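Input: a single structure, listed below in structure tokens.
What follows is calculated from the coordinates using simple rules that are stated; it is not laboratory data. Everything numeric here is computed off the predicted structure, so don't read it as measured data. Cβ atoms come from the backbone with ideal geometry, glycine included; neighbour counts cover every protein chain shown.
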Amino acid sequence: MPSRLLYLVRHAEQDRPEEEADTGLSARGRQQATLLGERLRGIDFAAVHHGPSRRAAETAALVAAALPGVPVYEDDRAGDHMPHDTDPAGLPEPYAAFLADFTERERLDGPRVTAEAVSRFATAPAEGDVRELIVTHNFLVAWLVRHALEAPERRWIGLNHQNAGLTVIRYTPAAPPTLIALNDVAHLPPDLRATGLPPAYRL
């Protein structure tokens with residue numbers, strides 16, 4: 001039976017995110033990405049895909065250094081976008097305030113691009129076994145986990161993943177998606193794991 005194993009990774013730690021929206025990786029982030037590459041060494045990936053941000057591209061490059069011969073592609077569908085224009089009614093106040101920060105354009109474009117990502121990546125292949133790695137952002141990982149579990153659409157909020165955390169989902173034509181691993185950071189020593197989350201993510 002054909003199957004797709006989709007490996008999802010949130011980009012490694014960003015350098016100076018409070019100063020600039022799209023910076024590269026911090027020194028800690030480069031360590032995280034390198035260790036993740038070692039964790040994934042030897043897996044027969046068909047491709048590595050990453051979003052267009054510098055932090056995603058640098059993470060993908062460091063991981064791919066441990067995966068010789070695996071092609072690496074930039075893909076807007078793996079970018080940092082709002083996956084669903086969620087109604088804040090009934091949500092805790094921190095979540096409602098978080099949603100209010102998105103622009104009208106982000107509310108229109110994000111769900112469209114996310115739907116394209118689901119159509120491309122969250123499906124079983126026509127034949128054979130396919131393994132693909134996507135280096136992306138927290139929102140898309142959360143949405144794909146929610147999608148796999150058939151959870152309510154608003155549950156993408158609050159599904160939070162550590163930098164360089166690994167999530168794996170299997171897709172086959174004969175069964176619902178299977179969540180194999182969620183936010184796995186066994187490859188990171190304690191000092192390279194997240195120490196806290198922004199207030200909107202703590203609920």
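Remarks
- Counting only DSSP beta bridges with both residues in the chain, the antiparallel share comes to about 45 percent.
- The range 67-162, Rg to Rh (Cα coordinates; Rh as Kirkwood inverse mean 1/r): 1.01
- Proximal charge balance of Asp75 [Cβ under 10 Å; K/R count +1, D/E count -1]: -1
- Scaling against 2.2 N^0.38 Å puts the C-alpha radius of gyration of the range 3-194 at 1.00.
- Local electrostatic count, Phe139, Cβ distance below 12 Å [Lys/Arg +1, Asp/Glu -1]: 0
- Mean residue ellipticity (222 nm) of the chain, computed from DSSP H runs ≥ 4 via -39,500 (n - 2.57), nearest 500: -10000 deg cm²/dmol
- The distance separating the Cα centre of the range 122-159 from that of the range 68-108 comes to 13 Å.
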